[in-house]
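Accompanying notes for the structure given below.
The values are calculated or read from the model by the stated rules, or taken from the named source; none is laboratory data. Since we're looking at a predicted model, the values are computed, not measured. Because the Cβ atoms are built from the backbone with ideal geometry, glycine has one as well, and the counts that use them run over all protein chains shown.
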Amino acid sequence: MKILKFGGTSVGSVENLHRVKDILLNDDDQKIVVCSAMSGVTDQLVKLVAFIKLKDAEAITRNLHKLESKHIEVVETLIDNHELRGDLKDGISGLITEMMDLSNQEYSEVLNAKVLTFGETLLTYIFSNFLASTGVTNRLIRAQDFMFVDNVDNPNINKVSKKLHKVLEDNEPAHIYITQGFVCRDHLNQINTLKRGGSDYTATIIGAAMDADEIQIWTDIDGLHNNDPRFVEGTNPIAHLTYNEAAELAYFGAKILHPQTVSPVVGKDIPVLLKNTFDPEAPGTVISNKTYRKGLKAISAKDGITAIKIKSNRMLMTHGYLRRIFEVFDNFRTSIDMITTSEIAISLTIDDTTYIDEIVKEIEGYAEVTVDYNHSIICVVGESVINDKYSHKLFEILNYIPVRMISYGGSNNNISILVETKDKIPTLRFLNEKLFLTHQEAVL
Ligand code: ADP
Ligand code: ASP
Ligand code: MG
């Protein structure tokens, strides 16, 4: 069995839905197809949640009308059969009425998740019916009936597996199953989300739960590039990545993958292919446990980083000081990304500032604390990157950009630097020039 995931752009128009259908018909393998919402829809639902919180009835109605017409417009051109077209339009209006009922309820976390995941419900309803209308037999299964992950950060694959096998047994067998990305159930069995961009993660959770042969993530670019193509020209797709490399790049900002995408499949050794819906023949990127080449592979950047400097003369020659500081972060369930120390100070970074005031207050009891927001971690990644003969060129950045922190040697596979976010793009471009463009053999 294969798991195929199609992202927002891939399912974002009538033309693209036809492309997705062609890709599904490329081979005869049994498939579970995970779909995102049409591009832009989840952003619109985020706005809807804000209106629900404000109890702004007029804005809620306007937003839902927009959502309804967007999907009805798709059905108008996608579905040839007059009768089915009418039925689907009624079906969409029915779903929008459900949304309207939800929108009139009191705000809660569960309501938030139910609203946000509605885009996936709408799209899969349309897509499954479209496939069937063109003779492609398929079964629509509801992710909320089997994505019982318990913990979003550490999904219970066994539980998902049992639930999913039960859903498949309870349905007529099919060659193609269609389901929704992004949605899951938490430890209380309540509807939740896998966080923005989470459909990639849905695909690998299902892949692990089914012991799939392969997972394909179809998007709008030909694989994971060696630098962020949104900010840097002349980037190139990477043919092979190890799970470790892909996990580091995803965690440190490569938007093509949800940060946790790789974790469910690492132990299972299921390959993950990144493919381009608009160029299906392009090889894309294969992520597996094979190392084809060591050394520098790619650069990524993660925004929204806060740097904290903790300074105290009491740190001099004492032991147990770091433990005391880490305990504070641990008590507030805040994880630390980068750390550097000197004899009297420690600098570290966090990306979740929910408890920043409490953390600072506690540490200020015994040290001087400075907090700097709006930083980005720039990460240079590759198996054994610290041994790459060109890696040293990275440090030339110090001549041009004020670098706040450097982390080297924490692992052999990652060198990270911290800069102000306003310097992120020049840093990415400079590193691209130094690390890739001037040494073409280091590109792939
Ligand atoms: P989808 O909607 O299919 O999930 P995303 O927008 O989440 O697609 O991810 C694909 C986008 O990720 C690309 O269009 C590209 O702009 C961006 N991106 C950022 N960094 C990288 C990278 N290193 N390699 C490839 N794409 C990247
Ligand atoms: N639709 C969701 C989002 O936009 C999930 C996804 O596309 O992966 O975040
Ligand atoms: Mg995505």
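Values as computed for the structure displayed
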read-out: Top-ranked residue in segment 187-201 [being outside any loop (DSSP other than H, G, I, E, B) and in contact with a helix residue (DSSP H, G or I) (Cβ under 7 Å, 6 or more places away or on another chain); ranked as nearest to ligand 1 (Cβ to nearest atom)]; value: T193
read-out: Candidate set from segment 318-352 (those that are free of Cβ contacts under 8 Å to residues at least 24 places away in the same chain and of a type in the set (A, V, I, L, M, F, W, C)); member that is farthest from A254 (Cα to Cα); value: F326
read-out: One residue from E383, E362 being free of Cβ contacts under 8 Å to residues at least 60 places away in the same chain and among the acidic types (D, E); value: E362
read-out: Subset of segment 24-42 [more than 15 Å from ligand 3 (Cβ to nearest atom) and either in contact with a strand residue (DSSP E or B) (Cβ under 7 Å, 6 or more places away or on another chain) or not in a loop (DSSP other than H, G, I, E, B) (or both)]; value: L24, D29, K31, I32, V33
read-out: Filter result for the condition that a residue is at pLDDT 95 or above and under 15 Å from the mean Cα position of the chain (by Cα), over A250, A239, A254; value: A250
read-out: Qualifying residue in segment 256-267 (condition: within 30 Å of D388 (Cα to Cα), away from ligand 3 (no atom under 16 Å from the Cβ), part of a loop (DSSP other than H, G, I, E, B) and not aromatic (F, W, Y)); value: yes
read-out: Segment 160-183 - residue that is in a strand (DSSP E or B) and either β-branched (V, I, T) or away from ligand 3 (no atom under 16 Å from the Cβ) (or both) and, of those, farthest from the chain's Cα centre (by Cα); value: I176
read-out: Filter pass, I157 being within 16 Å of ligand 1 (Cβ to nearest atom) and among the hydrophobic types (A, V, I, L, M, F, W, C); value: no
read-out: Out of K21, K5, sole residue that is at negative phi, in contact with a Phe, Trp or Tyr (Cβ under 8 Å, 6 or more places away or on another chain) and within 16 Å of ligand 3 (Cβ to nearest atom); value: K5
read-out: Hits in segment 310-336 - residues which are crowded, with 18+ Cβ neighbours inside 10 Å and either touching a Pro at 6+ places or on another chain (Cβ under 9 Å) or in a strand (DSSP E or B) (or both); value: I310
read-out: Any hit, segment 206-216, residues being closer than 20 Å to L122 by Cα, hydrophobic (A, V, I, L, M, F, W, C) and not in a strand (DSSP E or B); value: no
read-out: Matching residues in segment 268-309 - criterion: being part of a loop (DSSP other than H, G, I, E, B), within 16 Å of ligand 3 (Cβ to nearest atom) and either surrounded by fewer than 22 Cβ atoms within 10 Å (Cβ to Cβ) or free of Cβ contacts under 8 Å to residues at least 24 places away in the same chain (or both); value: T277, F278
read-out: Considering residues of segment 199-218 that are surrounded by 24 or more Cβ atoms within 10 Å (Cβ to Cβ) and polar (S, T, N, Q) only, the residue farthest from ligand 3 (Cβ to nearest atom); value: T204
read-out: Residues of segment 221-239 classified as assigned to a loop (DSSP other than H, G, I, E, B), more than 6 Å from ligand 1 (Cβ to nearest atom) and buried (at least 19 other Cβ atoms within 10 Å of the Cβ), total; value: 7
read-out: Matching residues in segment 240-255 - criterion: being of a type outside the set (G, A, S) and not in a loop (DSSP other than H, G, I, E, B); value: H240, L241, T242, Y243, N244, E245, E248, L249, Y251
read-out: First in segment 6-27 and within 14 Å of ligand 2 (Cβ to nearest atom), second anywhere and assigned to a helix (DSSP H, G or I) and small (G, A, S), Cβ under 7 Å, 6 or more apart; value: G7/S199
read-out: Unmet criterion (only one of (1) part of a helix (DSSP H, G or I); (2) more than 20 Å from G12 (Cβ to Cβ); (3) touching a residue at least 12 places away in the same chain (Cβ under 8 Å)) for L122; value: (2)
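Quick grid of which residues meet (1) more than 20 Å from L431 (Cβ to Cβ); (2) out of contact with any Cys (no Cβ under 7 Å at 6 or more places or on another chain); (3) not aliphatic (A, V, I, L, M):
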{"position": "G284", "(1), (2), (3)": "yes, yes, yes"}
{"position": "R293", "(1), (2), (3)": "no, yes, yes"}
{"position": "K297", "(1), (2), (3)": "no, yes, yes"}
{"position": "S300", "(1), (2), (3)": "no, no, yes"}
{"position": "I305", "(1), (2), (3)": "no, yes, no"}
{"position": "K311", "(1), (2), (3)": "yes, yes, yes"}
{"position": "R314", "(1), (2), (3)": "yes, yes, yes"}
{"position": "G320", "(1), (2), (3)": "yes, yes, yes"}
